[in-house]
Structures are given as structure tokens and as C-alpha cells.
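The values are calculated or read from the model by the stated rules, or taken from the named source; none is laboratory data. In this text the structure is predicted, and so the values were computed from the model without any measurement. Please note: Cβ atoms are built from the backbone with ideal geometry, for glycine as well, and neighbour counts cover all protein chains shown. Quick note on the areas: whole protein, heavy atoms, side chains included, nothing else; ligands and nucleic acids left out. Shrake-Rupley method; radii C 1.70, N 1.55, O 1.52, S 1.80 Å.
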Amino acid sequence: MTTPLDGIRILDMSQLYPGPLCTMILADLGAEVIKVEPPGTGDHARAYRFLFNQINRNKKSLALNLKHPRAQEAFRRLAAGADVVVEGFRPGTTARLGVDYQTLREINPRLIYCSISGFGQDGPYRDRPGHDINYLAMGGVLGLTRDREGRPVVLGFEVADIVSALNSVIGILAALQARERTGEGQLVDISMLDCAVALLSNSLGPYLETGELPTVNPLHATPHYGIFETSDGEYLVIGIAHEDWFWDELCEVLGMEDAKGLNVFQRIMDCERLLPRVRDAVRSRTLAEWMELMADKDIPYCNLPGIDEALDDPQVRHRRMIVEVGEGERRVRLLGSPYKLSSTPPRFQLPPPELGEHTEELLLEAGFTREEISEMREEKAVF
């Protein structure tokens, strides 16, 4: 089966979340991904098996101790024939290891080198540590996400990590396309803080144009976009963004006929009066009753399922968002791919690799002899 990235080889030094998720997406699309891991512990995500499995299928594992000169030489030899390198260290680390972009581009001018870091490769914060919550807070995202009392809340999953992975994929694909025209590789510098700030296009517009500071997402200023409690303690999710026709349909179902005909600007201006009415109306019936009443209505609504219910949803199952990869004891259930390509669909071939599973195979391919590989193992350069 043909895949979009057939013939593309990627060396991935990254660990934990953004980099491995990025390279798994590229592997699903046909790239050969070689996961370069430190001997002994491997990727730190291996300590969190469930996370590791979900973002490391379709990869080979090469265990190299990049602090050792012979391992560095092995990496550089592999990089000479690679198309992409991905790394997620703090700025300056790869230079100390002799596997940075400036070093590798001398060996392979066509190489695309993607660095994913908290704050980017330059700027006053380049050396600072951080995690997902820091980037979301500093980027302004958490300040717009508050409970009913106005207190900021921690989001339910790692938004900055995930969006950084997706932006890395986009950057790498763009660089590969540019290389088709120029014949040259380039550095792709992905900052997780940048990626968090870039999420705010719907919230920053008024501030950038008028100077008015947003305190909430504009959608939260409407009476019809939110999570509403039902009489049995369940939740009904209503997702009307601006549409007048959805609002009129909702008013009929909720018994608020007198509020029909209000346009979105009128509804925003009158939100303090309308929102309690919507809440009270929803609270008058059970979730099951609302689901039945709205089933044939033109209203964007749903329940609030747990993960088990979400994955069992007939639409999710139809779209194959859960797949099985591997055979026998190594067979594992994994998230599928959202990329539905009619002619070159993603592949789900290899289960997450064992640490160092492909070390000898890859080093032999790079020109090392079995004797040299044995010596490197004795020197703790490889595993």
C-alpha cells in the first residue's frame, strides 16, 4: 500500500509527549521513524506504559548513549542518510552532544532538523524549564478558562503538548515540500509557548484591534454555549455559537418562545437575563428526556460522556478511532488516526518497539560490523 511519506527516514531523539506524538503521526503516514533512546531507561515515557504505547507505534528503537563519542559517531552516520531529525532537548544540549543542526547540516545539507522546546531556540526564556501548564498560563490560555466563581482551572489534558506536536508535523511537512524546490534542508524551531499563544485567534482579535482586554472566550458571553445541569445531575452540552436559527429552535424546545427572534448581538447584550432562564429550563428535565426531545431538532447538542462512552459512540467506532496493532502478546489497542486519506491512508503496522529492539539491524545497515557493534556494547555506547 502506498503511503504519503514512503522513503522518508526520520531520526527521533525526543522523549515523553510532543516529539514522539509528532513522529508517530509521520510514521502512520509512511515515514520510517527510528526512535533513538538512551540505554537502560529509554524514553522517560516508558515509565508510563499507557502513554508510551499510544504515541510510539510504527517505530524502530535504537538504543544509543549519546554521551559516548562512538554513539555520537553512529548517530551522525545515520543522519547522513536521513531526511529529518526531531529533538526535544533544552537549547544547547544537542550541541554538547555533537548532534546539533549546525553539525549535521555539514554532513547532510538536505536534512530537516526539528527542535521542539518550551520557549524556542532564542529569546530571554530559552533556557527556562516548563511543562504544559506553564506554557498555557504564560500564553494566556488558562486566564480565559475559569469556573463559575471566576477562578482559573487546570485543563483536563495536555493542550500545549498536543498542539506543539501537530505544529511540528506541519513545519516538517512544509520543510520537506520546500526541499523539493530548493534541494536544501532547514531548521524547524517549534516553541510550545508560541503554540499556546497561537491558539488564541478567537480571543485576541478585539484586543489587537481595539486594545480591549478579553476576560473570557467570546463564546462564553452567549447564553447558549456551555454545559448545563439536568434534573438528574447529568449534563447537557449545547453548542450554539452564533446561529439565530439554532437559537429559535432551542427556545421552542425549552419553552422560551418569547425569546425567539433575538439576534446574536441582542442575546449577548441580554446574556445575564437569558442564561439563568436556559439553566433553569434545562434543570427541569432529565438528560434522557432532553436527548429524546432534541433528537429530531436542528440544535447542536450532546451529552457529556466519559471516555468509555465516547469511544463506544457509533460515530467514533465507524470512523475507526480505535485500532489494534501487533500480534500475540504484543497486540495492543491504540488510538486511530484522524487523517482519512482516500488513496494513501495511514498505516497501523508495528506495535510500540521494545527498547533497543532494532539497534543491531540499524547499525549494520549504517555500515558497522558485528565486531564493532559488540565493542560498542561493551563500552556502553549502545544497547
Less than 11 Å from a label point 7 Å out along the Cα-to-Cβ axis of residue 302: which backbone N atoms in segment 222-245 qualify, by residue? 237-239
Please turn the phi angles of segment 102-109 into ³J(HN,Hα) values with the Karplus equation 6.51 cos²θ - 1.76 cosθ + 1.60 (θ = phi - 60°), one per residue in order, whole Hz, x for glycine and proline. 4, 5, 6, 5, 5, 7, 9, x
With unit charges on the beta carbons (Lys and Arg positive, Asp and Glu negative) and the dipole taken about the Cα centre of the chain, which residue among 5, 156, 284 sits farthest to the positive side? 5
When Lys and Arg each count +1 and Asp and Glu each count -1, what net charge do the other residues less than 11 Å away from residue 184, Cβ to Cβ, add up to? +3
Take every Cα pair under 8 Å in segment 1-131 that's 6+ residues apart, average their separations, divide by the length, and report that relative contact order as a whole percent. 24 percent
For the chain, the charge dipole (Cβ of Lys, Arg +1; Cβ of Asp, Glu -1; about the Cα centre) points to a positive end, and the Cα of 125, 368, 241 closest to that extreme belongs to 368
Summed residue charge, Cβ within 15 Å of residue 234's Cβ, Lys/Arg positive, Asp/Glu negative: -2
Assuming R0 = 30 Å, what is the FRET efficiency of residue 284 and residue 212, from their Cβ-Cβ distance, to the nearest 0.05? 0.25
Students often check this: by mean Cβ neighbours within 10 Å, which of 33-42, 57-66, 335-344 ranks highest, and how do the rest follow? 57-66, 33-42, 335-344
So, relative contact order of the chain in percent, Cα under 8 Å, 6 or more apart, is 20 percent
How about segment 78-144: which trypsin sites (Lys or Arg not before Pro) there are in a DSSP loop, with at most 12 other Cβ atoms within 10 Å of their Cβ? none
222 nm mean residue ellipticity, helices alone, for the chain (DSSP H n ≥ 4; -39,500 (n - 2.57); rounded to 500): -11000 deg cm²/dmol
Taking 0.36 nm per residue of separation between residue 258 and residue 232 and subtracting their Cα-Cα distance, the length gained on full extension comes to 6.7 nm
Looking at segment 108-194, which GluC sites (Glu not before Pro) are DSSP coil and have at most 16 other C-beta atoms within 10 Å of their C-beta? 149, 184
Residues other than residue 247 with Cβ under 15 Å of its Cβ, Lys/Arg counted +1 and Asp/Glu -1, net out at -4
Counting only DSSP beta bridges with both partners in segment 1-139, the antiparallel fraction in percent, to the nearest 5, comes to 0 percent
State in Å² the accessible area per residue of segment 96-212; use a 1.4 Å probe, count heavy atoms of protein chains only, and round to the nearest integer. 55 Å²
A convex hull over the alpha carbons of segment 1-151 yields, per residue, a volume in Å³ of 152 Å³
Separation between the residue 332 and residue 103 pseudo-spin-labels, each 7 Å from Cα along Cα→Cβ, expressed in nm? 3.0 nm
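In Å², and per residue, what accessible area does segment 269-346 have when probed at 1.4 Å with the other protein chains present?
With all protein chains present, segment 269-346 gives 71 Å² per residue.
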Toy charge model, Lys and Arg Cβ at +1, Asp and Glu Cβ at -1: the chain dipole around Cα centroid in debye, rounded to 20, equals 1000 debye
On alpha carbon coordinates alone, what is the Rg over Rh value for segment 154-217, Rh being the Kirkwood radius? 1.13
Lys/Arg Cβ at +1, Asp/Glu Cβ at -1, dipole of segment 302-383 taken about the Cα centre: which of 383, 341, 303 is farthest positive-ward? 303
Measure off, as a whole percent, the carbon and sulfur share of the 1.4 Å-probe accessible area of the chain, all protein chains present. 52 percent
Restricting the count to DSSP beta bridges whose residues both fall in the chain, what percent are antiparallel, rounded to a multiple of 5? 40 percent
